[in-house]
Amino acid sequence: MQKTSVLKNGINAGELALWNRLFEPSNATLSTGIAQYLLALHFPQSDLDRMNELAEKARGGELTLEEQIELDNYERVGHVLSVLKSKARLKLKAIRAANPA
């Protein structure tokens, strides 16, 4: 059985590699519109407030197990969103390079 390393955010290296391949910037299925949509995604203010609350409790060592799981979920989703946005920026950059104004 292959050992898989788990990154700090809970995503294992194999999972991250899969996400990277799935959203390869040269992939023709990632259109300009989808790339722009991904770049516009963000957490609602209520989630940002909750993340800050959980982070403060974590710094004080006061998180319950449920809160730790919630914080881990925010971190994991945030990381995947960051990867998607990075891929979207690369795709838009490639489109601009292929079609100079």
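Where a number appears in this text, it was derived from the coordinates with a stated rule and is not lab data. As the structure is a computational prediction, the values presented were derived from the model and not from experiment. Heads up, the Cβs are rebuilt from the backbone with ideal geometry, glycines too, and the neighbour counts pull from every protein chain shown.
What nm distance separates the two modelled labels at residue 86 and residue 99, each placed 7 Å from Cα along Cα→Cβ? Taking the simple label geometry, residue 86 and residue 99 are separated by 2.6 nm. Phi-derived couplings, Karplus 6.51 cos²θ - 1.76 cosθ + 1.60 at θ = phi - 60°, listed residue by residue for segment 43-59: 6, x, 4, 4, 6, 4, 4, 5, 4, 5, 4, 5, 5, 5, 5, 5, 4 Hz, with x used for Gly and Pro. Sorted fewest first by neighbouring Cβ atoms within 10 angstrom, 66, 53 come out as 66, 53.
Could you work out how much longer the chain between residue 50 and residue 20 gets when fully extended? Use 0.36 nm per residue separation minus the Cα distance between them, nm to one decimal. Mind dumping the intermediate values first?
Working: separation 30, 0.36 × 30 = 10.80 nm, distance 2.83 nm.
Gain on stretching residue 50 to residue 20: 8.0 nm.
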